[in-house]
Amino acid sequence: MSLKSKTSDLRRRMSEAIKGGGDVAIEKQVSMGKMTARDRIIALLDDKSFFEYDLFVEHAAKDFDMDKKRLAGDGVITGTGTINGHPICIYAQDFTVAGGSLGYMHARKITKIMDHAMRLKVPIIGINDSGGARIQEGVNSLAGYGEIFYRNTLASGVIPQISVILGPCAGGAVYSPALTDFVFVVENISKMFITGPEVIKTVLGEEISMEALGGARVHAETTGNAHFFATSEQECFDQIKDLFTYIPWNNKKKADPFPVKPPQTKNFKIQNIFPADPTTPYDVRDIIRSVSDNSDFFEIQELWAANIVIGYARFNGETVGIVANQPMVLAGVLDVDSSDKAARFIRYCDAFNIPLLTLVDLPGYLPGVDQEHAGVIRHGAKLLYAFSEATVPKITLILRKAYGGGYIAMCSSHLRADFVFAWPTAEIAVMGPTGAANIIFRKEIMTAENPDAMREKMVEEYKQKYANPYVAAAYGYIDSVIELKDTRKFITHALDISESKTVTHFDRKHGIPPF
Ligand code: HXC
């Protein structure tokens, strides 16, 4: 064969392989409002940056007439490319080929690209669109999943791991995304569940649609399994590109610095946002925007456990992880979900050397039988653990209430915040003035001629004494009480001087967080 004919043979083989499951299956995919696997990769990566590998891999199964079937690329596309000019490894399951089901060679392709990502220290992105374990391949499919989960665990905290759910992701298959750092879902397209509606109906007699059981909104709002919700695949890809402007490429690198721009104080001026009345709620995201570079704030898990806000902002061009109570939702209390949400984010920031800024305004942990029985003790402890364990620079600002366990948990100096600042509006105490007065002055109130007037007097007395930042400042638990207008100045200075912070913990294999 001449070089020319060998080249055309290669081209023929390639064009056959990239057809995936063929025209009918592709049409079905597109009619469901979904892109094909290859189009997804091309839409996500920088223009013309994608290089594909293992295009000619074929399955090795024999049973159930599998030896008579050829599955293009064995239902998954793998390769490397760039996003924002930086290298990444990627795989995308191709639903048009045997429903993107995962057999032995399919899994081998995924684990091979994951191994590349770990060796090259670049992020790994997995686009999931699959009917799960390839039923015909039995235990080999299960082995494939196990190999993926193991690598997800090894890669955790070393390289960013992104899961994009663009179709079904069912059964044990959901555990790879669950082990990764950021899960992206798209309305009407993503479906994630351990057991589907049919099984639920058979076993429990309950009827539920796939969307109501494990659709995008369910995971973005109710379960917290998803970190980002989009209404189209393109919007989802734009979110991923945005995220990559904030996070480092691996745990030894820093995110690219951005040009420093001051906050847009015309729209976000602290003094206009922060209410004069201490009982009026406000949106803490506006406070973040009033101090961050260019007033940018990239929020994560916006729709779930909204009583705590997490995300990235920049100060002096560098990424900072923000954890903030949200007074607009449940007065910003800590509960099971908000503790989980914040704790995982803190551990991500710590693993990737992203400094933390904590904004505090909360009445404490949410009381109630539901919370107690849902394990608020165990979940709440995750937050204490995560903040205590984190060795990145930790800056805390107390805006208003910092009561009880909430004061300690929100990165107080006792959990080794490097700098704790407080506005003059801060109230730091064991509990709110009314609750406190009712307990410590109970006798005086009960025996008074006018109990209500006495209660009011005692509440006022308690407020005067404790509902301010100065008692904590007198003990040095707060480093500075600062004016609102000076907030950005103090934060940027604290971050600048903390740059070479190093902390050494006890020599141990690892701690045992209350997972
Ligand atoms: C083999 C599969 C498959 C699978 C789909 N297909 N899932 N082949 N193994 N798991 C094939 C179909 O036979 C069909 O092939 C093609 O993919 C498209 O599937 P359809 O059913 O026609 O598509 P659709 O109607 O859109 O339905 C999608 C679906 C459904 C909801 C995902 O296919 C489905 O329920 N699949 C099974 C899901 C499941 O129970 N998976 C196992 C989960 S347990 P043809 O040749 O007709 O085009 C699991 C354990 C993992 O994953 C444990 C890890 C620890």
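The values are calculated or read from the model by the stated rules, or taken from the named source; none is laboratory data. Remember, predicted model here, so these are calculated numbers, not experimental data. Because the Cβ atoms are built from the backbone with ideal geometry, glycine has one as well, and the counts that use them run over all protein chains shown. Note: accessible area is taken over every heavy atom of the protein model, side chains too, but ligands, DNA and RNA are not part of it. Shrake-Rupley method; radii C 1.70, N 1.55, O 1.52, S 1.80 Å.
Using the structure shown, select from Lys69/Lys112; Lys191/Lys254; Lys112/Lys241; Lys109/Lys341 the pairs with a Cα to Cα distance greater than 26 angstrom. Checking Cα-Cα distances, Lys191/Lys254; Lys109/Lys341 exceed 26 Å.
Counting only protein heavy atoms and a probe of 1.4 Å, the accessible surface of the stretch 1-91 is 58% carbon and sulfur. What the Cα atoms of the stretch 95-214 give is an Rg and a Dmax of 14.7, 49 Å. Sorting 391-400, 21-30 by their mean Cβ neighbour count within 10 Å, with the most densely packed peptide first, gives 391-400, 21-30. Rounded to the nearest Hz, the phi-derived 3J(HN,Hα) couplings of the stretch 337-353 under the Karplus curve 6.51 cos²θ - 1.76 cosθ + 1.60 (θ = phi - 60°) are 6, 5, 5, 4, 4, 5, 4, 5, 5, 4, 5, 5, 4, 5, 4, 9, 6, where x marks glycine and proline. Database remark: amide H of Ile308 closer than 5 angstrom to the amide H of Gln326 (H placed geometrically; neighbours at sequence offset of 5 or more, or on other chains; Pro and chain starts carry no H).
Only bridges whose two residues both fall in the chain count here: according to DSSP, what percent of them are antiparallel, nearest 5? If we restrict to bridges inside the chain, about 35 percent are antiparallel.
Packing here is the average count of other Cβ atoms within 10 Å per residue, and on that basis the peptides 164-177, 476-489, 251-264, 411-424, highest first, run 164-177, 411-424, 476-489, 251-264. Helix 233-246 versus the longest principal axis of the chain: what angle, 0 to 90°, nearest 10, using Cα atoms? Between helix and principal axis, roughly 60 degrees. Taking the protein heavy atoms of the stretch 306-409 in the context of the full set of protein chains, the accessible area attributed to carbon and sulfur is 61 percent at 1.4 Å.
The long axis of helix 451-466 is offset from the longest Cα principal axis of the chain by roughly 70 degrees.
Over the stretch 364-515, Cα pairs under 8 Å with separation of 6+ residues give a relative contact order of 27 percent. Counting only DSSP H runs of at least 4 residues, each contributing -39500 (n - 2.57), and dividing by the residue count of the chain, the helix-based mean residue ellipticity at 222 nm comes to -11000 deg cm²/dmol. Evaluating 6.51 cos²θ - 1.76 cosθ + 1.60 at θ = phi - 60° for every residue in the stretch 127-140, the Karplus couplings come out as 9, 9, 7, 7, x, x, 4, 5, 4, 5, 9, x, 5, 5 Hz, glycine and proline recorded as x.
Out of every Cα-Cα pair that the stretch 451-515 contains, those further apart than 19 angstrom amount to 66 percent. Per residue, the stretch 1-108 exposes an accessible area of 56 Å² to a 1.4 Å probe, with every protein chain left in place. Taking Cβ atoms as reference points and 15 Å as the exclusive limit, the residues near His379 contribute a net charge of 0, counting Lys and Arg as +1 and Asp and Glu as -1. For Asn468, the residues whose modelled amide H falls within less than 5 Å of its own, excluding neighbours fewer than 5 places apart on the same chain, are Ile428. Taking every C-alpha pair closer than 8 Å and separated by at least 6 residues, the mean separation divided by the residue count of the chain gives a relative contact order of 8 percent.
With all protein chains kept in place, the per residue accessible area of the stretch 301-439 amounts to 30 square angstrom at a probe of 1.4 angstrom. Compared with the dominant principal axis of the Cα atoms in the chain, helix 3-17 is inclined by about 50°.
Backbone phi angles across the stretch 30-38, fed through the Karplus curve with coefficients 6.51, -1.76 and 1.60 (θ = phi - 60°), yield HN-Hα couplings of 5, 5, 8, x, 10, 7, 7, 4, 5 Hz in residue order; Gly and Pro are listed as x.
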